[in-house]
Amino acid sequence: MKVTIIGSGYVGLVTGACLAEVGNDVLCLDLDADKISLLNGGCIPIYEPGLEALIARNRAAGRLRFSTDVSQSVAHGEVQFIAVGTPPDEQGAADLQHVLAAARNIGKHMQGFKVIVNKSTVPVGSADQVYAALQKECAVRGLPPAQVSFSVVSNPEFLKEGAAIDDFMRPDRIVIGTDDDALGQKARALMCQLYAPFNRQHARTLCMDVRSAEFTKYAANAMLATRISFMNELANLADQVGVDIEQVRVGIGADPRIGYGFLYAGVGYGGSCFPKDVRALMHTAHAYQQPMRILHAVQEVNQVQQQVLVKKITQRLGVDLSGKVFAIWGLAFKPNTDDMREAPSRIVIAALLAQGATVRVYDPVAMTQARTALKADCEAHPEWWTRICFCASQTEALQSADALVILTEWKSFRSLDVEHIKTHLLCPLIFDGRNLFEPLALRAQGIEYYAMGRGNVPSTLAASLVPQT
């Protein structure tokens, strides 16, 4: 099948490469000429495990191409995926300007029937706006409906950064929202045909109406964000009452009604999805005068949680951190990505810098993106920038530091060489925002260790029975 992907960012590249991998003829469009030049040169603008090799393989096979030519992209695909950004505006609502611009471009050039697929994360009612934009462009051209018929479909993505290819190739569900009229049924049949290779073991496709599909994406991310904030609240209480939250996690996760996913206490959620989608859903609710009390609490808890580790640091070392040096391990908002959007590390680092500290930072993948993000965070305080040292290794970050602060759960951080830590840190002091280690084990080896909700009670092996995912 011939498929066009509009937007060659994270979602667009993964979608295009994976659809090409199962035999489709895919053309990816982006108006950023530098990005398309980079992609045509064999490089990719983001980090996602396995994606560069997947793109290279399908480019070599002739199934995947990249272009800035709008008319070519519209002519190419019977199915047109819109996979552009929907950043939040000043009120927290999803900004649809790029989605609607893509729709208008399709309307200006389309000939014959097209399926227009909203792959971008968009609020309820966005398909109606896309439909109106397309209809207006077709009317301007004066073309008869039979020549430019189309159907707008909602097909939200459920891709985890760091595991996006596996999520796409082995999905737990494929949500397709269509209208119930004749054109909608035709679009649904084409979408089911397109996704047939991903349903071979068992049916994963869930067909529903367009608005329900749009809502499903926001509901899923809001639920996951809620679980994270709930566990962080429990972790903060656990610290006060002498409870180990890791043992609690195992105890409640064993309940099949709850499960283990997204129950890890830490420094809060970040990234491009959860913060933005929670705000967008709250904005939609406000527009309909429907209170979302739980989501307000989820957002508030997350904002507070990003300061909890800083509070532990200042309780131990004092509010004035002038002259103190901190090794920071982990900058990306999660492992296996270089995404620094709303990363908790940025909040923690800014707080340490504001209190006079110097930071020596390291991340296995995100150093380039981190340099850009942290530079932006220092614009209002230029002096902060002079107190950030970007290091080439974990060991370099430790040199002459007063303490180690862990902010991302990269696998390479999990096997801790205690003697190495003692040799390079000025003081054997660790503040762990991701609960990577057993407190008693480290304390027995002479490490002063502070984590999130680990309490001061005897630990057992129970917390290691269920591996982190």
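The values are calculated or read from the model by the stated rules, or taken from the named source; none is laboratory data. Remember, it's a predicted structure, so these values are computed and weren't measured experimentally. Cβ placement follows ideal geometry from the backbone for every residue including glycine, while neighbour counts extend to all protein chains displayed.
Before we move on, is Lys422 in contact (Cβ under 8 Å) with a residue 60 or more places away in the chain, at negative phi and out of contact with any strand residue (DSSP E or B) (no Cβ under 7 Å at 6 or more places or on another chain)?
no
For the stretch 166-221: of the residues being in a helix (DSSP H, G or I) and of a type in the set (Val, Ile, Thr), which is farthest from Gly50 (Cα to Cα)?
Of all residues in the stretch 166-221, those in a helix (DSSP H, G or I) come to 166-169, 182-199, 210-221.
Filter again for of a type in the set (Val, Ile, Thr), leaving 210, 216.
Numbers: Val210: 32, Thr216: 28 Å.
It comes out as Val210.
Looking only at residues in the stretch 102-114 that are outside any strand (DSSP E or B) and not hydrophobic (A, V, I, L, M, F, W, C), which one is surrounded by the most Cβ atoms within 10 Å (Cβ to Cβ)? Full working, then the answer.
Just the residues of the stretch 102-114 that are outside any strand (DSSP E or B), to begin with: 102-113.
Retained after the next criterion (residues that are not hydrophobic (A, V, I, L, M, F, W, C)): 104-105, 107-109, 111-112.
On the way: Arg104: 16, Asn105: 22, Gly107: 24, Lys108: 15, His109: 16, Gln111: 10, Gly112: 11.
The residue in question is Gly107.
Hey, could you check the stretch 45-87 for residues that are of a type in the set (Val, Ile, Thr) and outside any strand (DSSP E or B) and say which is nearest to Asp34 (Cα to Cα)?
Thr68
Does the stretch 141-162 contain any residue that is of a type in the set (D, E, K, R), in contact with an Asp or Glu (Cβ under 7 Å, 6 or more places away or on another chain) and touching a residue at least 60 places away in the same chain (Cβ under 8 Å)?
First, the residues of the stretch 141-162 that are of a type in the set (D, E, K, R): 141, 157, 160-161.
Still in the list and also in contact with an Asp or Glu (Cβ under 7 Å, 6 or more places away or on another chain): 160-161.
Add one more test, that the residue is touching a residue at least 60 places away in the same chain (Cβ under 8 Å), and what stays is 161.
Yes, because at least one residue in the stretch 141-162 is of a type in the set (D, E, K, R), in contact with an Asp or Glu (Cβ under 7 Å, 6 or more places away or on another chain) and touching a residue at least 60 places away in the same chain (Cβ under 8 Å).
Residue by residue, here is whether (1) surrounded by 14 or more Cβ atoms within 10 Å (Cβ to Cβ); (2) more than 30 Å from Gly356 (Cβ to Cβ) holds:
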| residue | (1), (2) |
| --- | --- |
| Ala225 | yes, yes |
| Asp244 | yes, yes |
| Gly261 | no, yes |
| Lys276 | yes, yes |
| His283 | yes, yes |
| Val298 | yes, yes |
| Arg316 | no, no |
| Leu321 | yes, no |
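For the stretch 328-362: of the residues being assigned to a loop (DSSP other than H, G, I, E, B) and hydrophobic (A, V, I, L, M, F, W, C), which is surrounded by the fewest Cβ atoms within 10 Å (Cβ to Cβ)?
By that ranking, first place goes to Ala357.
Taking only pairs six or more apart or across chains, which ones have beta-carbon atoms under 8 Å, a first residue in the stretch 262-287 that is basic (Lys, Arg), and a second residue that is buried (at least 20 other Cβ atoms within 10 Å of the Cβ) and not in a helix (DSSP H, G or I)?
As it stands, the answer is Lys276/Thr86; Lys276/Ala94; Lys276/Thr121; Lys276/Glu342, since those pairs meet every condition given.
Of all residues in the stretch 17-38, count the ones that are without any contact (Cβ under 8 Å) to a residue 60 or more places away in the chain and under 15 Å from Tyr195 (Cβ atoms).
Residues that pass the stated criteria total 2.
Where residues in the stretch 389-445 are in contact with a Leu (Cβ under 7 Å, 6 or more places away or on another chain) and of a type in the set (Ser, Thr, Tyr), which of them is modelled with the lowest pLDDT?
Among them, the one singled out is Ser400.
Name every residue in the stretch 115-134 that is over 26 Å from Cys273 (Cβ atoms) and surrounded by fewer than 16 Cβ atoms within 10 Å (Cβ to Cβ), in order of residue number.
Selection gives Ala132 alone.
On the given criteria, is Val117 out of contact with any His (no Cβ under 7 Å at 6 or more places or on another chain), part of a helix (DSSP H, G or I) and within 19 Å of Val175 (Cβ to Cβ)?
no
If the requirement is being surrounded by fewer than 23 Cβ atoms within 10 Å (Cβ to Cβ), in contact (Cβ under 8 Å) with a residue 40 or more places away in the chain, farther than 25 Å from Leu143 by Cβ and not acidic (Asp, Glu), which of these qualifies: Gly92, Gly7?
Values: Gly7 fails: surrounded by fewer than 23 Cβ atoms within 10 Å (Cβ to Cβ).
Of the residues listed, the single one that is surrounded by fewer than 23 Cβ atoms within 10 Å (Cβ to Cβ), in contact (Cβ under 8 Å) with a residue 40 or more places away in the chain, farther than 25 Å from Leu143 by Cβ and not acidic (Asp, Glu) is Gly92.
Conditions tested, residue by residue: (1) under 27 Å from Ala94 (Cα atoms); (2) in the same structural domain as Gly184 (by TED's automatic domain parsing); (3) at pLDDT below 95.
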site: Ala203; (1), (2), (3): no, yes, yes
site: Lys217; (1), (2), (3): yes, no, no
site: Asn221; (1), (2), (3): yes, no, no
site: Leu224; (1), (2), (3): yes, no, no
site: Ser229; (1), (2), (3): yes, no, no
site: Leu234; (1), (2), (3): no, no, no
site: Val250; (1), (2), (3): no, no, no
site: Tyr264; (1), (2), (3): no, no, no
site: Ser272; (1), (2), (3): yes, no, yes
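Is it the case that Val130 is part of a helix (DSSP H, G or I), β-branched (Val, Ile, Thr) and modelled with pLDDT under 95?
So Val130 fails the test.
Restricting to the stretch 184-201, what's the tally of residues that are over 26 Å from the mean Cα position of the chain (by Cα) and either under 24 Å from His283 (Cα atoms) or modelled with pLDDT of 95 or more (or both)?
10
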